[in-house]
Every structure is written in C-alpha cells, then in structure tokens.
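J.: Sharing a structure below in structure tokens format, with a few things to ask.
The values are calculated or read from the model by the stated rules, or taken from the named source; none is laboratory data. Quantities reported herein were computed from a predicted structural model and do not represent experimental measurements. Don't worry about glycine lacking a Cβ; one is built from the backbone with ideal geometry, like all the others, and counts go over all protein chains shown. We work out accessible area using only protein heavy atoms, side chains counted, and drop any ligands, DNA or RNA first. Shrake-Rupley method; radii C 1.70, N 1.55, O 1.52, S 1.80 Å.
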Amino acid sequence: CWACGLDQDFQELPDGIDTRVGNDGTALSGGQKNRISLARSVYSRRSLMVLDDVLAGLDTRTERLVFNRVLGPQGLLRKIGSAVVLATHAIGWLRYADTVLVIENGKLSYRGKPEDAPASFIRSHAGQPEYEAEDESDNTSPADIPMKTSRSSSVSSSITKRQANWQLYKSYFKSFGRFGFINFTFLIIGFSALQCVQQLVLKWWAGAEATSPSELGKWVGILGAITLIFVVDVFLTLWAGFIVYFPKSSLYLHLQQFTALVKVRYSAWGGKETGSITNRFSQDISIIDGQLANALLNVLAGIFDVIAMTSIIIVATPFIAATIPPLVAVFWIIQKIYLRTGKQLRIMDLEAKAPLCTHFLETVTGAATIKAFGWPKSYREKNDKLLEESQIPYYLLESVQNWLSLVLNLVVAGLATVTMAIVVKLRSTSDAGYVALALINIMDIGPILEMLVVAWTQLETSMGAIARMKEFMEDTPEEEQGKINPPSDWMTEGGITISRLEASYSDIAPSTIKDINLQIKPGQKIAICGRTGSGKSSLASAVFGLLHISSGHLKIDDVDVTQVSQELLRSKMIALPQDAYFTTGTVRENLSLRKTDTLQRKK
Ligand SMILES: Nc1ncnc2c1ncn2[C@@H]1O[C@H](COP(=O)(O)OP(=O)(O)OP(=O)(O)O)[C@@H](O)[C@H]1O
Ligand SMILES: [Mg+2]
C-alpha cells in the first residue's frame, strides 16, 4: 500500500482501510481503484506480471511515485525479481524497461533496447510530461506511516421483523386500479353464492320429486340455467384475475418501483446492493405475479365458500352448525402459530438470495480479474456456499407448510368422525334431506377451511414481497423537485459561483468537499487539478447536482442549484463522469443517445 501511495488515501477515507467500497468500488476515486488493484497484484508476488495501463488516470506526481516504488529501478517488483510486462502509452517510462516492444496496427514494429527505439515513434509521442525518477529523500518509509485505525463498522442485518398489515393490503389492492378489487370480489361472491343455490335447488328438487314427479323438465331447466351462470362466472373470475387485474397490479408495482429507482437521490444511493435490487425486480415481482395472486384468489373464494356453507348448515340442521365455532377456533389458533414462523421464513427466503445475486453479478463484471488471479475455484466454492445458504429458508418454509397441512388434515378427520357419530345418534329427529345436505357441507367445509388457512398463510407470507417493495419505495429518497422555477433562459451564460461549499456523498457521510470558494465567469475554461482522491470528480459531481450539499452555496447564473429541480439542472448542461457508461447496442446507438435517426441524417 505504501508503494502505491495508498497510505495517504487511507488517512482520508472515513474508515481507513476498512471503508466499505460499495458495488464495483463506487466509493473510491478512479485513481484509488487503479492503485488498490495494482497493490493487490503486487501482494500476489507472482514471478510474471502483465500490467495493462495501470498508471493511466493518475496525476503526474502519484504516477511517478507509484512507478518508482513499484516498477522503477528500486521498485518492489525489481526486488522480488518478477518479470513485468507493462502496456502503456506513457513513453517517458520506456527508459526504465529492459526491452521495449512497439506495437502499431496490431503488429510489432520494434523490439529492442529503449534507447534504440525508432525516432519517428518517440517523436509522435513527444510533448508528454517528463518522467523522472522520484527524489526518494523526502519519502516516508513504510514503517513511518501512521495508519488510520478503522472504526468498527457494524453491518446491520436487514432481516427485521416486519408485519404485513392493513396498510400493505391497501397498497396492494390499490394496484388493481379503481374499483378493481371490488369488481373482482363481487365475481368471487357470485361464484360461492351460485354453488350454494345449486345445492339448495338440488335439495328442493329431491323434495318436490317425492310429491310431484312430473316436473323434471322444470328442475333440469333451473339447474341447467344456474350451472351455466356458474360456469360463466368462473370464467369471468379467472379472466378478471389472471388476465386483467393480477398483471395490471404487477405492472403497476414494477413501474412504481422502477420509477423510485431511476429517481433516486444519488446521495442516498451508495449503500444499495445490486444483488438485493435485482432480487426485488425478479423474485419479489414473480411472487406477486404467482403465489400472491393465487393466494388472494383462494382466500377470497375460501372466505365466501365458508360463509355460504355455514349458512346452508345453519338453515338445514342447527345442531351440526354447533361444530363450526370450535372448528374455526382450532384453525385460528393453528394458523396463528404457523404464521409467526412462516412470515419470518418467507422474508428470510426473499432476502437470502440477495448475496447470491450480488456475488453472481460481481463474478460477471470481474471475470477478467478473477481469471488473472486464479480465483475461479474460490469463487465457485463461495457461489456453492451462497447457493446452499439461500436454499435454507426455502427448505424450512416447505417443512413448516407440510406440518401445517398434516395438522389441519388430522383436525378435519377428527371432526368429521365426531359429527358422523352425532348424526347417527340423532337420525330419528331430523329431516333426512337437510341432514344429508348439512353432512355434505360439513365434510366439505373441513377441506375448504384447510385451503383457506393454507391460502391465508400464503397470502400473509407473500405480502412480504409487497412489504419489501413498499419499504424500497419509501426508503429510496427521491431527488428534490425544486423549490423555485428559474427563468426559461437560465444557464445561457454558465457562470458558476461557489462559496464555502461543504458536500458529501450522503447526508450521513463526512464531507468530501470542504470549504470551497470559487468564481467561474461565463466562457472561462477552468482546469481542476489535484492528487488522485483529492476530490476533483466530487467537485464536478457537486456541480452536476449529485452530492449532498450540507452548507455553503453553489450558484449557476445566480440561481442556487439546490433550489431548482435536479432534472432541470441536468437538462441544461452536459457532464461526463470519469467512468464512461455504455448501453448494450451498437457504437452508433451509444454515440447518438438512442437518437439513431437523427445521427444518420446528420452523418
Ligand atoms: N461514491 C462515493 N461515495 C463515497 N465516497 C466517495 C465516492 N466517490 C469518491 N469518494 C471519496 O471521495 C474522495 C474524493 O474522490 P474523487 O473521486 O473526487 O477524487 P478525484 O480527485 O477525482 O481522484 P482521481 O484523480 O483518482 O479520479 C476519495 O477519498 C474517495 O474515496
Ligand atoms: Mg476522479
């Protein structure tokens, strides 16, 4: 770290060497990333090192320092005795190489000593800064460097106890659109009511058959009509659910979440893990699409079925109805016990996959480095471990669900036996038709109650996905919308006034930019210089509205940038970040910012 000049950076980082680097090292400056990566390769002490432009992006002083300490005549790699191949366009360093290879258009055009390199090549690269060995006399030796001790950073577990409450249901039902949930519920009520009416008609038909057997046509007609309406209602319910409302709801929630993602205030972005975000857009959405939708349908159907059946039983034979309250009570207690564990397991299941996702994404982006350092084995092992761990909550969830089914089945079996015994005992006192109807219903109500409890618990646990989404939308602070509306000709001049500016990468982080005073007149060309990690990119980001400004002013053409909508601010200027961004697609598409036609015309 001393050789790569990182000691000074560790002094400045909030937690020294233990500062969290964020996804893809976002919390580090460009030069810091380069030097940490170089230090990592030096630690490997391999006898052959192939370094591709590792000094690019460093300020001249740091470049010189790193070159001398790592690659120069007294550098670490000379001391270790490693063979080094350095690809660079900084020809000033060539004189320190044993052999120089010049490559032009993919072909080797020169191979030999640096002093014999073709003059034409040297000339074409003339004008570069002077490269000279550093005067080592003013250097601190590795032993003298006071290393900033790290503050213990506690990574709080995101698995907190969350409850699916009515607020959650409200936001879920809202996603069905206006009256969507009510319409859907009415279709399901129709479905249960028609089933009930069907049974009653059958009973009345059986009673009428005994007195006037000639009315066959009438009863078949009535029953046929009810069955037809029932089939239409089932069709409509399923169509409304699976074709209209459930997709609409998923799409709405997905879009809301995506909007929160793209509108996020940059200063609140740092801590988010890409894995957990990917998880929200993949796993959570698929739960809302599948399990949650099914569970909601089953719960609603179950509730209205139970109400319909209970009504029939009460009308038919009240003494059998007396068995329902204890049955409901037992089921209520069982689901309470189950839910306590089930909900937590579902949330753990949803969250256990985030580390796997993050690891996978990191492996994809860092494939070249992983191969270069010979890490594929350890990455595979870590992947296996994370995969294994991500399955644990799912396995436990399946186990407790099976436990639930077993217990509920046993309760239903016990109750059916008791009911049968009572009916047989009281057979002489009741109407046979109604007793039969009640018996059929009590036999049916058991499995339906069981389905209701299973669906209810599934609904409650699947609401975990909605809870996570809601939490994401609420915890992802939006960018300021702007307190003032600047005149339409704002930023036509482009003068910047910065006074006593303090800014940081998040509202809780220490200031990265401190007490900056600056006046840039319209049309001036300004260069910001400084050592790597000194805050050049941060200052540029502050002008672009990406940093949290804690005090001071940053005005462009006399308008305070914190007071206007950040979207408007950015629409008025162009700012290029240090790390270029590319979309997948052609060079043309990347050049034209998706306005392919315009570019084609201009070309
Ligand atoms: N997204 C971020 N979150 C938190 N801290 C950051 C972030 N980006 C940079 N920093 C920290 O802010 C400090 C200044 O970084 P900055 O990127 O502005 O430096 P720089 O002058 O542009 O350096 P370089 O020449 O290496 O690009 C560094 O200590 C860095 O660790
Ligand atoms: Mg920078």
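J.: Output the residue which, of all residues in segment 491-515 that are touching an Asp or Glu at 6+ places or on another chain (Cβ under 6 Å) and surrounded by 16 or more Cβ atoms within 10 Å (Cβ to Cβ), is modelled with the lowest pLDDT.
T.: Residue satisfying both the conditions and the ranking: Met491.
J.: Another question, if that's okay. Name the single residue that is nearest to Pro14 (Cα to Cα) among those in segment 29-40 being open to solvent by 20 Å² or more (accessible area, probe 1.4 Å) and charged (D, E, K, R).
T.: Lys33
J.: Also: Could you run through segment 245-276 and say how many residues are in contact (Cβ under 8 Å) with a residue 24 or more places away in the chain, part of a helix (DSSP H, G or I) and aliphatic (A, V, I, L, M)?
T.: So the count comes out to 4.
J.: Checking Ser541 against (1) surrounded by fewer than 19 Cβ atoms within 10 Å (Cβ to Cβ); (2) of a type in the set (Gly, Ala, Ser); (3) within 27 Å of the chain's Cα centre (by Cα), which single condition isn't satisfied?
T.: All conditions are met except number (1).
J.: Okay, moving on. Has segment 17-26 got at least one residue that is of a type in the set (Asp, Glu) and not in a helix (DSSP H, G or I)?
T.: No: segment 17-26 contains no residue that is of a type in the set (Asp, Glu) and not in a helix (DSSP H, G or I).
Each row is one residue, and each column tells you yes or no for (1) at pLDDT 85 or above; (2) open to solvent by less than 40 Å² (accessible area, probe 1.4 Å); (3) among the small types (Gly, Ala, Ser).
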position	(1), (2), (3)
Leu547	yes, yes, no
His553	yes, no, no
Asp560	yes, yes, no
Gln563	yes, no, no
Ile574	no, no, no
Asp579	no, no, no
Gly585	no, no, yes
Ser592	no, yes, yes
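J.: Does Leu101 satisfy being part of a strand (DSSP E or B) and at pLDDT below 80?
T.: Here the answer is no, as Leu101 does not meet what is asked.
J.: Next question, about the same structure. Mind checking whether some residue in segment 431-448 is surrounded by 12 or more Cβ atoms within 10 Å (Cβ to Cβ), modelled with pLDDT of 80 or more and part of a helix (DSSP H, G or I)?
T.: Checked against the condition, which is being surrounded by 12 or more Cβ atoms within 10 Å (Cβ to Cβ), modelled with pLDDT of 80 or more and part of a helix (DSSP H, G or I), segment 431-448 yields at least one hit.
J.: Can you spot a residue in segment 288-308 that is closer than 25 Å to Gln195 by Cβ, open to solvent by less than 60 Å² (accessible area, probe 1.4 Å) and at pLDDT below 85?
T.: no
J.: In segment 41-60, what residues are in a helix (DSSP H, G or I) and surrounded by 13 or more Cβ atoms within 10 Å (Cβ to Cβ)?
T.: If the condition is that a residue be in a helix (DSSP H, G or I) and surrounded by 13 or more Cβ atoms within 10 Å (Cβ to Cβ), then Ser41, Val42, Thr60 are the ones that fit.
J.: Scan segment 463-511 for residues that are aliphatic (A, V, I, L, M) and over 30 Å from Ser249 (Cβ atoms) and report the count.
T.: Final tally of qualifying residues: 8.
J.: What is the one condition in (1) open to solvent by 20 Å² or more (accessible area, probe 1.4 Å); (2) closer than 30 Å to Lys174 by Cβ that Met463 does not satisfy?
T.: Evaluating Met463 over (1) open to solvent by 20 Å² or more (accessible area, probe 1.4 Å); (2) closer than 30 Å to Lys174 by Cβ leaves (1) as the failure.
J.: Also, I was wondering about something else. For segment 238-249, indicate whether the set of residues that are of a type in the set (Ser, Thr, Tyr), under 46 Å from the mean Cα position of the chain (by Cα) and either over 22 Å from Val299 (Cα atoms) or open to solvent by less than 80 Å² (accessible area, probe 1.4 Å) (or both) is non-empty.
T.: yes
J.: Identify, from the list Asp53, Asp98, the residue that is within 16 Å of ligand 1 (Cβ to nearest atom) and either touching a Leu at 6+ places or on another chain (Cβ under 8 Å) or not assigned by TED's automatic domain parsing to the domain that holds Gly533 (or both).
T.: Asp53
J.: Has segment 470-480 got any residue that is in a loop (DSSP other than H, G, I, E, B), open to solvent by 50 Å² or more (accessible area, probe 1.4 Å) and either at pLDDT below 85 or at negative phi (or both)?
T.: The answer is yes, given that some residue of segment 470-480 is in a loop (DSSP other than H, G, I, E, B), open to solvent by 50 Å² or more (accessible area, probe 1.4 Å) and either at pLDDT below 85 or at negative phi (or both).
J.: Is there a residue in segment 48-68 that is among the polar types (S, T, N, Q), in contact with a helix residue (DSSP H, G or I) (Cβ under 7 Å, 6 or more places away or on another chain) and at negative phi?
T.: yes
J.: Also, I was wondering about something else. If Leu539 meets every condition in (1) of a type outside the set (Ser, Thr, Tyr); (2) within 16 Å of ligand 1 (Cβ to nearest atom); (3) part of a loop (DSSP other than H, G, I, E, B) apart from one, which number is that one?
T.: Every listed condition holds for Leu539 apart from (3).
J.: Being among the polar types (S, T, N, Q), within 16 Å of ligand 1 (Cβ to nearest atom) and free of Cβ contacts under 8 Å to residues at least 40 places away in the same chain narrows it down to one residue among Ser488, Ser504, Ser511; which is it?
T.: Ser511
J.: Let me ask something else. Restricting attention to segment 1-23, report how many residues are out of contact with any Leu (no Cβ under 9 Å at 6 or more places or on another chain), open to solvent by 20 Å² or more (accessible area, probe 1.4 Å) and within 12 Å of ligand 1 (Cβ to nearest atom).
T.: The total comes to 6.
J.: Looking at the structure I just gave you, is Phe242 assigned to a helix (DSSP H, G or I), at pLDDT 85 or above and under 30 Å from Ile508 (Cβ atoms)?
T.: Criteria not met by Phe242.
J.: Going through segment 544-563 one residue at a time, which ones are over 29 Å from the mean Cα position of the chain (by Cα) and not in a strand (DSSP E or B)?
T.: Hits for segment 544-563 are Asp557, Asp558, Val561, Gln563.
J.: Could you look through segment 27-40, keep only residues that are in a helix (DSSP H, G or I) and of a type in the set (S, T, N, Q), and pick out the one that is farthest from ligand 2 (Cβ to nearest atom)?
T.: Only one residue fits best here, namely Ser37.
J.: Are any residues in segment 518-534 open to solvent by 60 Å² or more (accessible area, probe 1.4 Å) and part of a loop (DSSP other than H, G, I, E, B), and if so, which ones?
T.: Passing the criteria: Lys521, Pro522, Gln524, Lys525, Ile526, Ala527, Ile528, Cys529, Ser534.
Residues are listed down the side, and each one gets a yes or a no for (1) outside any helix (DSSP H, G or I); (2) of a type in the set (A, V, I, L, M, F, W, C); (3) in the same structural domain as Ile303 (by TED's automatic domain parsing); (4) open to solvent by less than 20 Å² (accessible area, probe 1.4 Å):
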{"site": "Ile333", "(1), (2), (3), (4)": "no, yes, yes, no"}
{"site": "Arg340", "(1), (2), (3), (4)": "no, no, yes, no"}
{"site": "Leu350", "(1), (2), (3), (4)": "no, yes, yes, yes"}
{"site": "His359", "(1), (2), (3), (4)": "no, no, yes, yes"}
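J.: Here's a follow-up. Check segment 8-15 and report whether any residue there is modelled with pLDDT under 85, out of contact with any Pro (no Cβ under 8 Å at 6 or more places or on another chain) and away from ligand 2 (no atom under 16 Å from the Cβ).
T.: yes
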